[in-house]
Amino acid sequence: MRSTLTSILLAVAATAATSSTIAQQHETIFLNATIIDGTGGAPQPHTAIVIRNGKIANITRGKIKPASDAIQIDCSGKFIMPEIIDCHSHVGNLKGTTTSSENYTSENVRRQLARFQDYGIAAILSMGTEQPLGLALRDSSRNGLIPGATMYSAIYGFGVKGAMPPEGMGMTHIYRPETPEEAVRQVQELAAFRPDVIKMWVDDFYGQFRKDQIMKPEIYTAIIREAHKHNIRVASHLYHLADAYKLVEAGVDIMAHSIRDAEIDDNLLADMKKKNVSYIPTLSLDEFAYIYADDPDWLNDPFFRNSLEPGVYEMITSAAYKDKISKSPVTLQEKTALDVALKNLQKLYRAGIPVALGTDAGASPIRSQGFSEHMEMELMVKAGLTPLEAITVATAGGARLLKIDNTQGTLQTGKKADLIILDKDPLADILNTRTISAVWKDGVKVSNGPLAH
């Protein structure tokens with residue numbers, strides 16, 4: 001098996017090297033485009049982007065002296081933005097209508113990374129639900145040996161025995177410490193794998209678990225303190241305002257979901273700002289929980305349907321599924337949760353809290369990989385952000401959270417040429433991020449978008 005895997009990785013590496021060489025042999029120039037650079041600055045119409053060696057060499061409205069073998073692409077009427085970065089997603093355990101550790105294979109992870117890329121997503125942060133194979137896949141992806149979105153990962157997260165996160169959803173390789181001392185030892189073990197963040201679950205899952213089944217403060221405090229000794233940031237799944245207060249006091253670095261049971265007050269905003277706590281709202285998670293029962297207008301849009309695993313469309317449009325949602329005791333709570341989450345995002349963003357896009361895509365069949373990120377930007381606009389602000393959160397915001405903003409996340413000279421070419425203006429309507437005509441990574445065209453499949 002090891003020999004076969006090595007052969008596959010070497011073949012992929014050879015292909016990647018060939019593509020890279022081709023990219024470096026030519027200068028590519030996009031002409032006459034409107035550039036939305038991800039910095040939050042105004043769009044730049046009638047502008048050219050010059051790409052050399054996989055990086056942006058120049059962005060200009062002035063005259064260009066192209067190289068003799070330069071490839072020139074007329075982008076009149078087109079809009080170019082950076083690729084999206086999803087800072088809360090999952091890969092591998094989802095397949096068809098099931099989530100299971102048995103689904104976690106190299107082929108499945110690679111297939112899903114390719115799907116993310118088709119939707120204009122440059123990188124994902126997989127939040128703590130890997131199987132052991134995920135270590136090698138994360139490293140191969142980071143080294144450019146696997147095509148598709150680049151995979152960052154929390155590797156194995158921290159939960160509670162018999163409670164969150166549910167093992168039945170494929171979350172089998174989760175640390176579940178019962179004492180602070182055990183938590184410290186497990187963080188030390190995990191630190192050797194170099195996780196990009198450490199993920200914890202602090203939640204009762206809409207009241208499905210008792211209070212004594214929620215991770216205790218002494219446990220998550222020990223996790224945070226030990227993680228910080230290894231210079232690793234900690235992200236927490238959460239729901240309740242009271243838990244958010246305690247987690248910020250304990251030193252958490254990232255809230256990996258929205259606070260959804262109550263509106264955030266000024267004291268928490270001040271504490272978060274003082275401690276530089278980042279926020280990943282995952283608004284689409286809450287809408288997906290109930291929206292299919294209402295037959296949303298995008299339900300039959302190929303941009304959505306192409307993002308689904310086989311069998312999921314049939315599941316979510318069935319009378320049985322809709323009946324289940326309408327009768328669920330938590331459906332009303334989930335709708336209310338989204339309303340609160342929208343208000344809290346607006347407050348946090350206007351207060352200057354660092355915000356990054358995240359979706360929880362791939363954690364269950366109803367949270368599609370690829371479409372969710374575009375839906376998330378739509379919900380950010382619904383929360384009160386402008387389309388330009390939502391795009392900035394989805395690009396530069398994610399790069400800052402992953403600490404890769406020195407190389408990507410914005411379209412600026414010297415950074416990676418990772419970009420999406422759109423047919424329509426996303427600043428006029430955020431839904432136009434879905435008009436993808438091409439995706440480029442490291443200066444190479446890697447996809448014609450999801451509708452080409």
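The values are calculated or read from the model by the stated rules, or taken from the named source; none is laboratory data. Nothing here was measured: the structure is a model prediction, and the numbers come from that model. Quick reminder, even Gly has a Cβ in these numbers, built from the backbone with ideal geometry, and neighbours come from all protein chains shown.
Some values worked out for this structure:
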{"read-out": "Within the range 302-336, considering residues that are surrounded by 14 or more Cβ atoms within 10 Å (Cβ to Cβ) and among the basic types (Lys, Arg), the one farthest from the chain's Cα centre (by Cα)", "value": "Lys322"}
{"read-out": "Residues of the range 69-90 that turn out to be in contact (Cβ under 8 Å) with a residue 60 or more places away in the chain and either touching an Asp or Glu at 6+ places or on another chain (Cβ under 8 Å) or part of a strand (DSSP E or B) (or both), as a count", "value": "14"}
{"read-out": "Residue, surrounded by the fewest Cβ atoms within 10 Å (Cβ to Cβ), within the range 134-165, restricted to residues that are free of Cβ contacts under 8 Å to residues at least 24 places away in the same chain and out of contact with any strand residue (DSSP E or B) (no Cβ under 8 Å at 6 or more places or on another chain)", "value": "Lys161"}
{"read-out": "Residues within the range 391-412 that are in a helix (DSSP H, G or I) and either of a type in the set (D, E, K, R) or surrounded by 21 or more Cβ atoms within 10 Å (Cβ to Cβ) (or both), tallied", "value": "11"}
{"read-out": "Residue in the range 371-389 that is of a type in the set (Ser, Thr, Tyr) and surrounded by fewer than 19 Cβ atoms within 10 Å (Cβ to Cβ) present", "value": "yes"}
{"read-out": "Every residue from the range 47-68 that is farther than 25 Å from Ala399 by Cβ and either in contact with an Asp or Glu (Cβ under 7 Å, 6 or more places away or on another chain) or not assigned by TED's automatic domain parsing to the domain that holds Lys415 (or both)", "value": "Pro66, Ala67"}
{"read-out": "Where a residue in the range 172-196 is without any contact (Cβ under 8 Å) to a residue 24 or more places away in the chain and its partner, wherever it lies, is of a type outside the set (Gly, Ala, Ser) and part of a helix (DSSP H, G or I), with Cβ under 6 Å and at least six apart", "value": "Tyr175/Gln186"}
{"read-out": "The lone exception for Asp295 - which of (1) surrounded by 15 or more Cβ atoms within 10 Å (Cβ to Cβ); (2) farther than 18 Å from Ala351 by Cβ it fails", "value": "(1)"}
{"read-out": "Flag for Glu314 being out of contact with any Phe, Trp or Tyr (no Cβ under 7 Å at 6 or more places or on another chain), of a type outside the set (A, V, I, L, M) and under 19 Å from Cys87 (Cβ atoms)", "value": "no"}
{"read-out": "Subset of the range 300-336 [closer than 17 Å to Glu378 by Cα, at pLDDT 95 or above and of a type outside the set (Phe, Trp, Tyr)]", "value": "Asp301, Ser307"}
{"read-out": "The range 421-443 residues that are within 16 Å of Pro82 (Cβ to Cβ), paired with ones that are surrounded by fewer than 18 Cβ atoms within 10 Å (Cβ to Cβ) and of a type in the set (Gly, Ala, Ser) (beta carbon under 6 Å, 6 or more apart)", "value": "Ile421/Ser437"}
{"read-out": "Residue count, the range 326-367 (criterion: within 28 Å of Arg111 (Cβ to Cβ) and without any contact (Cβ under 8 Å) to a residue 60 or more places away in the chain)", "value": "0"}
{"read-out": "Check on Leu190, within 20 Å of His88 (Cα to Cα) and surrounded by fewer than 17 Cβ atoms within 10 Å (Cβ to Cβ)", "value": "no"}
{"read-out": "The range 249-264, subset surrounded by 19 or more Cβ atoms within 10 Å (Cβ to Cβ) and not small (Gly, Ala, Ser), residue farthest from Cys87 (Cα to Cα)", "value": "Ile264"}
{"read-out": "Unmet criterion (only one of (1) of a type outside the set (Gly, Ala, Ser); (2) closer than 22 Å to Tyr220 by Cα; (3) surrounded by fewer than 24 Cβ atoms within 10 Å (Cβ to Cβ)) for Arg110", "value": "(2)"}
{"read-out": "Residue within the range 346-353 that is surrounded by 15 or more Cβ atoms within 10 Å (Cβ to Cβ) and either charged (D, E, K, R) or touching a His at 6+ places or on another chain (Cβ under 8 Å) (or both) present", "value": "yes"}
{"read-out": "Residues of the range 270-296 that turn out to be without any contact (Cβ under 8 Å) to a residue 60 or more places away in the chain and touching a Gly at 6+ places or on another chain (Cβ under 7 Å), as a count", "value": "0"}
{"read-out": "Spans of helices (runs of 4 or more DSSP H) in the range 225-318 with at least 2 residues out of contact with any His (no Cβ under 7 Å at 6 or more places or on another chain), more than 23 Å from Ala390 (Cβ to Cβ) and among the acidic types (Asp, Glu)", "value": "241-250, 266-274"}
{"read-out": "Condition met for Leu388 (out of contact with any Lys or Arg (no Cβ under 6 Å at 6 or more places or on another chain), assigned by TED's automatic domain parsing to the domain that holds Ala114, in a loop (DSSP other than H, G, I, E, B) and in contact (Cβ under 8 Å) with a residue 12 or more places away in the chain)", "value": "no"}
{"read-out": "Filtered residue count, the range 337-385, keeping only those that are part of a helix (DSSP H, G or I) and closer than 17 Å to Leu427 by Cα", "value": "11"}
